[in-house]
Amino acid sequence: MSYELFSTTQRVAFAQGAVNNLVSEIKRLGASKPCIITDPGLMSTGLVEKVQNILKDGGLESCLYGKVQADPPYELVDQTVELVKSEGADCVIGIGGGSSLDMAKVTSVMVKNPGSVSDYFGIDLIKNKGLPLILIPTTAGTGSEVTPIVILSDEGEKLKKGVVSPYLYPDCALLDPELTIGLPPAVTTATGMDALIHAVEAYTSKNATPMSDILAKEAMQLIFGNLRSAYADGTNAEARGNMLRGSMLAGMAFANAGVTAVHAFAYPIGAEFHIPHGIANTIMLVPVMRFNMLGNLERFADLAEIFGQPTEGLSTRQAALKAVDSLAELAEDLKVPQHLKDYGVKEANVPELAEGVLKVTRLLANNPRKLELADAEAIYRAAL
């Protein structure tokens with residue numbers, strides 16, 4: 001029997017209005033002055049002001065960093081750390097999508113660890129636990145609130161790089177479906193597909209376990225079964241709640257089983273061409289799955305049943321292809337761009353991008369099929 005490990009965020013609160021318990025969660029951690037980390041888009045919605053008022057009404061002073069950008073460059077961490085130190089904040093609150101949550105996570109640990117965040121790209125390099133950390137996701141996508149991973153951009157190398165450490169798990173995740181009501185269709189699509197791909201890759205990873213399988217299956221059923229509804233009607237509270245729960249479960253699954261080559265292919269194109277992460281993953285999903293399925297046909301065939309597709313009378317390979325086709329149909333229904341050329345990627349870019357994929361060894365180690373440079377080039381060309 002293999003040696004199986006499972007870990008996740010130690011405290012998760014899921015409820016309509018869960019954000020109203022923020023003050024009690026901060027006090028439970030023995031903190032009194034939080035620093036809120038978020039992005040300009042969320043600042044414009046009024047949600048950040050709502051959080052500030054909750055803190056104020058609870059007698060807590062706070063400071064705010066509201067300049068997180070999508071796919072944040074790692075140098076940005078210096079700004080957030082300096083703000084926390086200069087303001088004397090004793091805990092960190094991340095609110096928003098994956099970039100804001102990741103910035104909050106890495107800020108909390110860098111306040112307590114020396115050097116630059118670039119010193120910690122890799123696995124288990126962080127030595128000291130960070131400040132108390134609470135994460136509040138407002139999209140149903142990254143699952144960052146239940147993962148020990150932070151992804152930052154290295155613009156010099158045109159790559160996204162990861163910091164992986166158990167110290168990046170928050171002390172508490174507050175999941176409030178009300179905060180996702182009215183999310184624009186395009187954001188719903190990008191984040192929802194990202195969450196679904198997390199679950200698909202966790203289930204087909206070489207490091208999948210019975211525990212991660214349970215989470216990945218439930219996540220896929222929730223997300224595949226509700227993403228169209230959430231996209232079509234942003235006020236559908238039931239669909240929004242199911243999406244947020246599915247995203248969390250997918251995060252728990254891939255935090256333990258790992259994601260695979262879809263994400264490895266998304267990183268170089270996201271870093272160089274600034275394609276939104278969920279869109280980059282979706283464009284690469286079908287060509288990577290067509291390549292990967294031969295590495296474990298049975299697992300990929302399982303996906304068809306999980307997605308509610310009829311498989312009676314089909315061979316294992318036919319069922320696996322049906323799963324791939326069902327994901328392609330979902331992306332089409334959600335109006336996701338299907339080609340890299342829509343974002344300026346050209347044939348001439350393929351060799352360099354393919355070399356970038358092979359550098360993402362942390363993810364390729366999980367992939368169900370061995371990937372060579374020629375394979376990577378062929379997959380990118382299929383996505384052009």
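The values are calculated or read from the model by the stated rules, or taken from the named source; none is laboratory data. The shown structure was predicted, so the numbers you read here are calculated from the model rather than taken from an experiment. Cβ sites come from the backbone with ideal geometry, for glycine too, and all protein chains shown count toward neighbours.
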Log entry, pairs with first residue in segment 358-375 being under 14 Å from Gly258 (Cα atoms) and in the same structural domain as Glu201 (by TED's automatic domain parsing), second being of a type in the set (Asp, Glu) and surrounded by 12 or more Cβ atoms within 10 Å (Cβ to Cβ), beta carbons closer than 8 Å, six or more apart or on different chains, reads Asn366/Glu201
Over segment 339-384, the set of residues surrounded by 13 or more Cβ atoms within 10 Å (Cβ to Cβ) and among the polar types (S, T, N, Q) is Asn349, Asn366, Asn367
Strands (runs of 3 or more DSSP E) contained in segment 1-120 and holding at least 2 residues over 23 Å from Arg245 (Cβ atoms) and without any contact (Cβ under 8 Å) to a residue 40 or more places away in the chain: 63-65
Being crowded, with 19+ Cβ neighbours inside 10 Å, among the β-branched types (Val, Ile, Thr), more than 17 Å from the chain's Cα centre (by Cα) and not assigned by TED's automatic domain parsing to the domain that holds Asp124 is true for just one of Val200, Val288, Val259. Which residue is that? Val288
Inspect segment 159-170 for any residue being part of a helix (DSSP H, G or I) and out of contact with any Lys or Arg (no Cβ under 6 Å at 6 or more places or on another chain) and give the result as yes or no. yes
Quick check, is Leu294 surrounded by fewer than 24 Cβ atoms within 10 Å (Cβ to Cβ) and more than 23 Å from Leu175 (Cβ to Cβ)? yes
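Filter segment 42-83 down to the residues that are on the phi > 0 side of the Ramachandran plot and either touching a Cys at 6+ places or on another chain (Cβ under 7 Å) or modelled with pLDDT under 95 (or both), then identify the one that is surrounded by the most Cβ atoms within 10 Å (Cβ to Cβ). Break it down stepwise before answering.
Just the residues of segment 42-83 that are on the phi > 0 side of the Ramachandran plot, to begin with: 46, 59, 71.
The next check asks that each one be either touching a Cys at 6+ places or on another chain (Cβ under 7 Å) or modelled with pLDDT under 95 (or both); those that pass are 46, 71.
On the way: Gly46: 9, Asp71: 20.
Result: Asp71.
Here is a yes/no grid of residues against (1) out of contact with any helix residue (DSSP H, G or I) (no Cβ under 6 Å at 6 or more places or on another chain); (2) more than 22 Å from Glu298 (Cα to Cα):
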{"site": "Glu312", "(1), (2)": "yes, no"}
{"site": "Thr316", "(1), (2)": "no, no"}
{"site": "Lys322", "(1), (2)": "no, no"}
{"site": "Lys335", "(1), (2)": "yes, yes"}
{"site": "Leu340", "(1), (2)": "no, yes"}
{"site": "Pro351", "(1), (2)": "yes, yes"}
{"site": "Val357", "(1), (2)": "no, yes"}
{"site": "Leu363", "(1), (2)": "no, no"}
{"site": "Ala374", "(1), (2)": "yes, yes"}
Would you point out which residue out of Ile269, Ile279 is in contact with a Phe, Trp or Tyr (Cβ under 9 Å, 6 or more places away or on another chain), under 21 Å from Lys359 (Cβ atoms) and in contact (Cβ under 8 Å) with a residue 60 or more places away in the chain? Ile269
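Quick check, is Asp39 of a type outside the set (A, V, I, L, M, F, W, C), on the phi > 0 side of the Ramachandran plot and surrounded by 15 or more Cβ atoms within 10 Å (Cβ to Cβ)?
So Asp39 fails the test.
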Take the residues in segment 121-141 that are closer than 16 Å to Cys172 by Cα and within 13 Å of the chain's Cα centre (by Cα); name whichever of them is surrounded by the most Cβ atoms within 10 Å (Cβ to Cβ). Pro137
For Ser118, which of the numbered conditions (1) in contact with a Phe, Trp or Tyr (Cβ under 9 Å, 6 or more places away or on another chain); (2) surrounded by fewer than 24 Cβ atoms within 10 Å (Cβ to Cβ); (3) farther than 21 Å from Leu358 by Cα; (4) hydroxyl-bearing (Ser, Thr, Tyr) fails to hold? (3)
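Here's the yes/no breakdown for (1) within 16 Å of the chain's Cα centre (by Cα); (2) closer than 30 Å to Cys91 by Cβ; (3) part of a helix (DSSP H, G or I); (4) in contact (Cβ under 8 Å) with a residue 40 or more places away in the chain:
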position	(1), (2), (3), (4)
Glu178	no, yes, yes, yes
Thr191	yes, yes, yes, yes
Asn207	no, no, no, yes
Ala219	yes, yes, yes, no
Asn242	no, no, yes, no
Just to be sure I understand the filter: pairs with C-beta atoms under 9 Å, separated by 6 or more residues or on different chains, first member in segment 307-323 and under 22 Å from Met193 (Cβ atoms) and free of Cβ contacts under 8 Å to residues at least 40 places away in the same chain, second member of a type in the set (Lys, Arg) and part of a helix (DSSP H, G or I). Which pairs pass? Gln309/Lys322; Ala320/Arg299; Leu321/Arg290
Is at least one residue of segment 308-326 part of a helix (DSSP H, G or I), surrounded by fewer than 17 Cβ atoms within 10 Å (Cβ to Cβ) and basic (Lys, Arg)? yes
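Being of a type outside the set (Phe, Trp, Tyr) and on the phi > 0 side of the Ramachandran plot is true for just one of Gly251, Gly258, Gly241. Which residue is that?
Checking each option against the conditions leaves just Gly258.
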